[in-house]
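The values are calculated or read from the model by the stated rules, or taken from the named source; none is laboratory data. Quantities reported herein were computed from a predicted structural model and do not represent experimental measurements. Here Cβ is always computed from backbone atoms with ideal geometry, including for glycine, and neighbour counts include all displayed protein chains. The accessibility values were calculated without ligands, DNA or RNA, using every heavy atom of the protein model including side chains. Shrake-Rupley method; radii C 1.70, N 1.55, O 1.52, S 1.80 Å.
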Amino acid sequence: MSWHALHAWHPSAATSAVLEYSMWAVAIAWCVRVRGLILNLHKIADISETEWDIAPANAPSLTVVVPAKDEAAHVAATCEALLMADYPRLKILCVNDRSTDETGEILDEFAARAAGRLEVLHITELPEGWLGKTFALAEATRLSDSDWILYTDADVLFSPSILRRSLAYAEATNTDHLVVMPTVLIQGRGEGMMLGFLQVLGMWIARPWSIADVKARLDSVGVGAFNMIRRDALEELGGWAPQRLAVVEDVTLGRRVKAAGMQQRVAFAPGLVLLHWAKGARGIVRVMTKNLFASVGFQPLLMFAAMAMLLLFCVAPVAGLFWWRTLLPAALVLFCVAAAYRTISGVSKIDARYGWLFPVGALLTAWAMLRSMMVVLWQRGVTWRGTHYSLWELRRWNNPWLWEMAAARERRAAKGKR
């Protein structure tokens, strides 16, 4: 459609009013959320600062659990980085989860070299009713006895001081569950475009500045690269068994902690936890195939609703620039988008100039959502790391509101006993 055709378009009065008011509603929502971001993001702790370069109170013990399945290309670097940690009460427990490459041999070499500090658990069979990763995490948890447990991935790099800093912050703030946001390594424009968009989208999914507020039950966080939890808190939650078929196990753990009313916090540490998520925009879309449909409990209607909201909030404002009645609110949305990129880039280290590709990132994310749903429905389940999990089983364990509903029932029951 040409520019002249757009300006020659004459919708009915009712249609014009709906479009105009909808765009203003979107603009107001953006203004409110970005205002909250600008005013509150600085309140989140940056544990890379010198004030957290200290030893934790009471010197708690820590186990770092590293599940690995066919990670021969990355796991050695992760083990090397962890062995350089400057925290003395540390045990590294790597789990070789049915790998078919050299992962097991590499881990055994590290265990022999760092006896007493790094151990390896080899899993050869997956019991029925478990995801491979959650079973690996559960088995590692069972074999550890530390005060704290850090669950991470086999392709994450840690600075020598980050474990000590994280424990110092968690102990000082009486935290039960701490997530340290990794610094994502970007190796191309496609990655920068996608990750830049996803970081801004994340502030709509959960307000990071409200994570520490136990009353903000819908604002929770979980990141596979750095999920650290007190052992007694995890035991109170029932360990990993209640979420044994949760596909996004990191996010689910965060939801469980928040629903239980425990103290959850998120912290930044620019440059101290490094992660390269996937190669190129196509690689990121492929990785999200497993997770996106699971995030809405494998419910098509919820996925379509999420896609519609994504297009309304992130793509429609661009189209709104081409009609005079929506020009002002659309421009206001894009100004807010630019402000959000600029603000978040200070801690994420993702160049704010990727904001120019914001609508492209939105369209690719919408495609990733549609692709995730189509692939899972076609396969009638999720196939991940060589194992197929049926959709019928997964739906029972991946309801995004499951833990909050269970916690609400417990609160009502407790109130009725008073």
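Worth pointing out:
- On Cα atoms only, tilt of 249-259 relative to the major axis of the chain in degrees: 80 degrees
- Full-extension gain in nm, THR383 to LYS43, via 0.36 nm per residue minus C-alpha separation: 118.4 nm
- Translational diffusion of the stretch 65-114, estimated by Stokes-Einstein from the Kirkwood radius over alpha carbon pairs at 25 °C in a medium of 0.890 mPa s, is 221 µm² per second.
- Full extension of the segment from ALA29 to MET405, taken as 0.36 nm per residue of separation minus the current Cα-Cα distance, would add 132.7 nm.
- Zone residues, the stretch 161-202, relative to GLU80, backbone N less than 20 Å from point 7 Å out along Cα-to-Cβ: 161-163, 183-187
- Amide N of the stretch 290-305 lying under 20 Å from the label point, which is placed 7 angstrom from the Cα of SER22 along Cα→Cβ: 301-305
- From the C-alpha gyration tensor of the stretch 81-145, square roots of 5λ in Å: 23, 15, 8
- Fluctuation leader among ALA77, ALA172, ALA212 - the chain, Gaussian network, Cα springs under 10 angstrom: ALA172
- Normalised per residue, the accessible area of the chain is 47 Å², obtained with a 1.4 Å probe and no contribution from ligands, DNA or RNA.
- Only helices enter the 222 nm calculation for the chain: every DSSP H run of n ≥ 4 contributes -39,500 (n - 2.57), and dividing by all residues gives -16500 deg cm²/dmol, rounded to 500.
- The lysines whose alpha-carbon is closer than 19 Å to the alpha-carbon of LYS279, local same-chain residues fewer than 8 away aside, are LYS69, LYS290, LYS349.
- Listed residues TRP240, TRP367, TRP148, most fluctuating in the chain (Gaussian network, C-alpha, under 10 Å): TRP367
- The alpha carbons of the stretch 101-257 give a radius of gyration and a Dmax of 17.0, 47 Å, in that order.
- Under 27 Å of direct C-alpha separation, and excluding same-chain neighbours fewer than eight residues apart, LYS415 reaches these lysines: LYS215, LYS258.
- Antiparallel DSSP beta bridges within the chain, percent to nearest 5: 35 percent
- Cα-Cα separations in the stretch 163-242 greater than 14 Å, expressed as whole percent: 72 percent
- Derived scalar couplings between HN and Hα for the stretch 108-124 equal 4, 5, 5, 4, 5, 6, 10, 4, x, 10, 10, 10, 10, 10, 9, 9, 10 Hz in order, rounded to whole Hz, by the Karplus curve 6.51 cos²θ - 1.76 cosθ + 1.60 (θ = phi - 60°), x for Gly and Pro.
- An oblate overall shape is assigned to the stretch 135-185, the ratio a/c of its alpha-carbon gyration tensor axes (a ≥ b ≥ c) being 1.5 or greater and a/b not exceeding b/c.
- 0 to 90° range, to nearest 10: angle between helix 132-143 axis and the chain longest Cα axis: 40 degrees
- Where the Cα pairs of the stretch 268-330 fall when distances are cut into 10 Å bins, in %: 18, 25, 30, 24, 3
- Using θ = phi - 60° and Karplus 6.51 cos²θ - 1.76 cosθ + 1.60, couplings along the stretch 328-337 (whole Hz; Gly, Pro as x): 5, x, 5, 5, 5, 4, 5, 5, 5, 4
- Cβ-Cβ distance of ALA216 and ALA13, R₀ of 45 Å, FRET efficiency by 1/(1 + (r/R0)^6): the value works out to about 0.65.
- Rounded to the nearest 10 degrees, the inclination of helix 300-314 to the longest alpha-carbon principal axis of the chain is 60 degrees.
- Rg followed by Dmax, in Å, when the stretch 239-291 is reduced to its Cα trace: 14.5, 38
- Counted by Cβ distance under 15 Å from LEU37, the other residues give a net charge of +4, where Lys and Arg count +1 and Asp and Glu count -1.
- Length added when fully stretched, ALA241-ALA115, from 0.36 nm per residue minus Cα-Cα: 42.4 nm
- As a fraction of the 1.4 Å probe accessible area of the stretch 326-418, surface on carbon and sulfur atoms comes out at 64 percent.
- In this simple spin-label model, placing a label point 7 Å from the Cα along the Cα-to-Cβ direction at both ALA73 and ARG325 gives a separation of 5.2 nm.
- Value of Rg to Rh for the stretch 263-394, rounded to two decimals, is 1.03; Kirkwood radius and Rg both from alpha-carbon coordinates.
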